[in-house]
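Accompanying notes for the structure given below.
The values are calculated or read from the model by the stated rules, or taken from the named source; none is laboratory data. Computed from a predicted model, the values in this text were never measured in an experiment. Here the Cβ positions follow ideal geometry from the backbone for every residue, glycine too, while neighbour counts run over all protein chains shown.
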Amino acid sequence: MWPNGSAAPFLLTGFPGLEASHHWVSIPFFVIYVSVLLGNGTLLYLIKDDHHLHGPMYYFLAMLAGTDLTVTLTTMPTVMGVLWVNHREIRPGACFIQAYIIHSLSIVESGVLLAMSYDRFIAICAPLRYNSVLTNSRVIKIGLGVALRGFLSLIPPIVPLFWFPYCRSHVLSHAFCLHQDVMKLACADITLNRLYPVVLVALTFFLDALIIVFSYVLILKTVMGIASGEERAKALNTCASHISCVLVFYITVIGLTFIHRFGKHSPHGVHITMSYVYFLFPPLMNPIIYSIKTKQIQRSIIRLFSVYSVA
């Protein structure tokens with residue numbers, strides 16, 4: 001039994017000042033929620049069902065879609081509960097686990113994007129070795145490594161939350177639980193919980209982004225050495241989807257970090273909005289980006305609809 005298992009529940013917050021309009025606010029959130037489920041669910045189905053998509057690039061894409069789907073399923077039920085029926089209470093244990101999953105999956109997503117850049121690097125810089133380097137067993141090992149890094153690295157700051165006494169207000173600032181929100185309510189020494197995330201962000205998000213940039217520098221160097229302009233364009237086009245997803249993810253990460261660190265005097269609504277953008281925008285956009293920019297997925301979607309139309 002966890003120490004705080006019977007403690008008073010935390011109270012989730014919707015949009016302060018708009019409580020009377022929560023039903024209207026819920027409409028775009030519900031539309032985005034359904035779109036994320038359909039988009040990422042369809043990607044996973046296509047990759048599983050279409051043998052043309054059984055390759056390292058699409059396996060990594062399946063990991064990305066699975067991560068986006070899980071983080072959305074973790075956050076949106078409590079969000080919709082607050083907006084639809086004003087269900088604000090959440091038990092401490094459920095709150096801490098939700099925060100753990102949310103933050104872990106953010107690191108997993110960063111790792112998946114890094115793995116996808118490695119896939120593009122091998123495909124363009126060493127195409128003859130692609131199949132021998134990115135074997136199914138190696139892709140599985142990379143996927144497990146990315147998942148373990150994400151879920152193990154969040155244990156140190158999350159576990160103390162179960163032991164902290166919470167003698168201050170139990171009101172959280174979002175409709176879902178975040179580590180930075182919960183730790184501020186603790187009546188205990190939270191030095192580890194303040195410093196650890198800073199180090200973790202530097203060793204994951206920042207380092208991953210740095211390696212991704214470096215890999216694309218090498219990719220561009222290789223592409224520029226290709227004599228044919230048509231071949232150069234074709235090579236770069238295979239990276240367009242990944243680059244777009246990287247920009248969507250890291251721009252939202254930078255935006256949220258900037259607001260939390262330097263926007264203390266910004267309206268509370270700005271903080272809330274940026275949090276929702278961070279958790280909903282990448283899962284919404286990633287399937288759209290790959291559906292628009294990847295011809296093989298477009299063909300797979302056409303085949304899927306053709307089958308249903310014939311049936």
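Remarks
- Checked against (1) in contact with a Ser or Thr (Cβ under 9 Å, 6 or more places away or on another chain); (2) loosely packed, with under 14 Cβ neighbours inside 10 Å, His271 meets all criteria but (2).
- Test: residue in region 126-134 that is small (Gly, Ala, Ser) and over 29 Å from Val201 (Cβ atoms): yes
- Any hit, region 171-180, residues being on the phi < 0 side of the Ramachandran plot, in contact (Cβ under 8 Å) with a residue 24 or more places away in the chain and over 22 Å from the mean Cα position of the chain (by Cα): yes
- For first residues located in region 31-59 and farther than 22 Å from Ile302 by Cβ, partners that are in a loop (DSSP other than H, G, I, E, B) and of a type in the set (S, T, N, Q) and lie 6+ apart or on another chain with Cβ distances below 9 Å form the pairs Pro56/Thr135.
- If you check Tyr45, Tyr33 for being surrounded by 15 or more Cβ atoms within 10 Å (Cβ to Cβ) and either out of contact with any strand residue (DSSP E or B) (no Cβ under 9 Å at 6 or more places or on another chain) or over 27 Å from Pro160 (Cα atoms) (or both), only one passes: Tyr33.
- Of the residues screened, Ile142 is not one that is modelled with pLDDT of 95 or more, farther than 20 Å from His271 by Cα, out of contact with any Phe, Trp or Tyr (no Cβ under 6 Å at 6 or more places or on another chain) and exposed (fewer than 12 other Cβ atoms within 10 Å of the Cβ).
- So Ala123, is it at pLDDT below 95 and assigned to a helix (DSSP H, G or I): yes
This table checks each residue for (1) within 21 Å of Cys245 (Cα to Cα); (2) without any contact (Cβ under 8 Å) to a residue 60 or more places away in the chain; (3) outside any helix (DSSP H, G or I).
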{"site": "Pro16", "(1), (2), (3)": "no, no, yes"}
{"site": "His23", "(1), (2), (3)": "no, no, no"}
{"site": "Thr70", "(1), (2), (3)": "yes, yes, no"}
{"site": "Gln98", "(1), (2), (3)": "no, no, no"}
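- Restricted to region 161-266, the set of helices (runs of 4 or more DSSP H) holding at least 1 residues that are loosely packed, with under 14 Cβ neighbours inside 10 Å comprises 191-201, 207-224, 229-262.
- Just one of (1) crowded, with 19+ Cβ neighbours inside 10 Å; (2) in contact (Cβ under 8 Å) with a residue 60 or more places away in the chain fails for Trp84. It is (1).
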